[in-house]
Amino acid sequence: MTTIRTLFVIALLAASTALQAQPHSTDTSADAMAPLSWMVGSWEGTGWAMDQQRQRVDIHQTEKVHRMIDGELLTVEGQGKDNEGNTVHHAAAMIHYNPTEERYDFRSYAHGMGSGDYPLTQLEENVFRWEIKNEYVYIRYTITHNEQDQWHEFGEVYVAQADQWYPMFEMTLNRVADAD
């Protein structure tokens with residue numbers, strides 16, 4: 001038993017030493033996150049979303065974005081409420097730069113809808129898109145930081161039978177508080 005314990009301790013020490021010897025990519029990851037830094041803060045505004053019955057519901061939307069781990073990670077929490085104050089949408093996400101894949105990864109959690117990992121692509125300066133694409137659905141959200149310092153997001157779903165995109169979500173938010 002003592003021999004097994006000794007071998008275990010040696011293996012842990014070797015692994016620890018090997019991990020410490022690996023180059024740390026904090027600067028690269030944090031630098032890569034810079035184009036998304038405008039998101040950090042608290043946001044409020046209005047928009048609309050399609051409900052389960054395909055009816056348009058006006059919403060009051062909030063988003064809270066925090067920078068974590070020396071700028072390597074953004075956490076996002078969004079909540080939409082209808083005119084009666086009922087929550088119609090509540091989600092959270094984590095965004096980070098994946099240096100191995102040279103892309104942003106977007107990990108989303110939505111109440112009642114589960115979670116998923118999606119690529120987040122920068123289309124141009126201040127314009128990003130994340131997509132949910134599988135054998136059942138193709139949805140894309142385009143996020144724009146406009147010249148009025150507003151967060152505009154537009155969601156649409158692709159219907160293969162019609163070979164057409166249909167709007168399903170839109171919001172325009174104003175910054176109400178700055179960073180962390």
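A few points about this structure:
- When restricted to residues that are loosely packed, with under 14 Cβ neighbours inside 10 Å and in contact with a strand residue (DSSP E or B) (Cβ under 8 Å, 6 or more places away or on another chain), segment 62-74 contains 1.
- Residue check for D163: surrounded by fewer than 14 Cβ atoms within 10 Å (Cβ to Cβ) and either among the hydroxyl-bearing types (S, T, Y) or within 15 Å of the chain's Cα centre (by Cα) (or both): no
- Subset of segment 83-133 that is in contact with a Gly (Cβ under 7 Å, 6 or more places away or on another chain) and small (G, A, S) - its residue that is surrounded by the fewest Cβ atoms within 10 Å (Cβ to Cβ): A91
Matching residues to (1) more than 20 Å from L73 (Cβ to Cβ); (2) assigned to a strand (DSSP E or B); (3) free of Cβ contacts under 8 Å to residues at least 12 places away in the same chain; (4) of a type in the set (K, R):
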| residue | (1), (2), (3), (4) |
| --- | --- |
| T121 | no, yes, no, no |
| Y141 | no, yes, no, no |
| E156 | yes, yes, no, no |
| M168 | yes, yes, no, no |
| M171 | yes, yes, no, no |
| R175 | yes, yes, no, yes |
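- Residue check, G78 under 18 Å from the mean Cα position of the chain (by Cα), assigned to a loop (DSSP other than H, G, I, E, B), closer than 30 Å to F169 by Cα and modelled with pLDDT of 80 or more: no
- Boolean, Y97 is touching a helix residue (DSSP H, G or I) at 6+ places or on another chain (Cβ under 7 Å), hydroxyl-bearing (S, T, Y) and outside any loop (DSSP other than H, G, I, E, B): yes
The values are calculated or read from the model by the stated rules, or taken from the named source; none is laboratory data. From a predicted model like this one, the values you see are computed outputs, not experimental measurements. Please note: Cβ atoms are built from the backbone with ideal geometry, for glycine as well, and neighbour counts cover all protein chains shown.
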